[in-house]
């Protein structure tokens, strides 16, 4: 039984190392969950901005439905003029436009590569190193008992 004890310890070490690696750096690990929470926050913020813009546009639509003067002003901003109006352009003057930004495109970062094989390799190496260390320690203690 004492001979198999280092093997059992190495299996335990392998399991623990793989579990910790997967829990922290895995595709469903703590770091990826934080990235997803940040992404969700940015989407919620963008949705809030779009809802505000929607309200502003709805208010402007109501004003445009009720005011013919506002329609004339907005059409002039777009370059539409009545037949009897004279257009005066001043060199070097750029008119300010009141156009709306329609939100921004939010892209989620690519999914991380599957690191399971790397985690398995690291944990197996840690298990083998632990087994070798335990065998060496067992051999050293066994040799000191014989003397």
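The values are calculated or read from the model by the stated rules, or taken from the named source; none is laboratory data. From a predicted model like this one, the values you see are computed outputs, not experimental measurements. No Cβ is skipped: glycine too gets one built from the backbone with ideal geometry, and neighbour counts run over all protein chains shown.
Test residue 109 against the stated conditions and say whether it is loosely packed, with under 11 Cβ neighbours inside 10 Å, modelled with pLDDT of 85 or more and over 30 Å from residue 3 (Cα atoms).
no
Which numbered condition trips up residue 58, out of (1) in contact (Cβ under 8 Å) with a residue 40 or more places away in the chain; (2) over 30 Å from residue 120 (Cα atoms)?
The failed condition is (1).
For residue 14, which of the numbered conditions (1) part of a helix (DSSP H, G or I); (2) under 29 Å from the mean Cα position of the chain (by Cα); (3) surrounded by 12 or more Cβ atoms within 10 Å (Cβ to Cβ) fails to hold?
For residue 14, the exception is condition (2).
If you take the residues of segment 17-55 that are in contact (Cβ under 8 Å) with a residue 24 or more places away in the chain and under 30 Å from residue 135 (Cα atoms), which of them is surrounded by the fewest Cβ atoms within 10 Å (Cβ to Cβ)?
My answer is 22.
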